[in-house]
Structures are given as structure tokens and as C-alpha cells.
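The values are calculated or read from the model by the stated rules, or taken from the named source; none is laboratory data. Quick caveat: nothing in here was measured; it's all calculated off a predicted structure.
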Amino acid sequence: MTYFLEEPPNDQKATEEFKQALDSDPKNQKALQFIVQSLARQGDKTSAAKYLDRLKDAYPSDESINSLSSQVNSDSQTGPK
């Protein structure tokens with residue numbers, strides 16, 4: 001997660017960390033949320049959408065789903081402000 005929070009964020013390294021976390025715990029809610037953001041910022045909308053679907057399946061009432069959906073579906077490759 002440290003790579004995700006750096007200024008500027010190192011999304012490639014962060015994505016690797018989140019994948020490792022999800023290998024250990026496939027329903028890790030924070031890792032799912034953050035990997036969606038990280039992949040969306042990298043422009044990998046297809047992978048971001050896949051992880052967003054996993055988040056929706058595991059946590060259908062997660063409050064971040066609408067915001068993450070907007071990030072995945074936006075044309076911009078910048079992260080949330």
C-alpha cells in the first residue's frame with residue numbers, strides 16, 4: 001500500500017502488492033478497492049473492471065463501488081482527488 005500512497009503514486013508496484021494481498025486473501029476488501037483505483041489510473045480499465053466485479057460480488061453494499069465504477073468508466077487516466 002505504500003506505493004499507492006506515495007506522491008506521485010507508483011501504481012505498477014502498488015498493483016503488484018495488491019495482487020499479492022489478494023493471493024493470500026481473495027476477498028480483501030481494501031486490496032480490491034485499491035487495485036481498482038491503481039489499475040484505472042494506469043489506464044488498464046479491463047483489469048480494473050474485473051477486480052471491481054470481484055468487489056461487487058464479495059461486498060455488494062460497499063460504499064466505494066459507485067466512485068470506483070466512475071473511475072473505471074471514465075476516459076481520464078488520473079486518480080481521485
| Failed condition for G79, given (1) modelled with pLDDT of 95 or more; (2) not in a helix (DSSP H, G or I) | (1)
| request: Could you pull out every one of the helices (runs of 4 or more DSSP H) wholly within the range 1-48 that has 2 or more residues that are modelled with pLDDT of 95 or more? | output: 11-24, 29-42
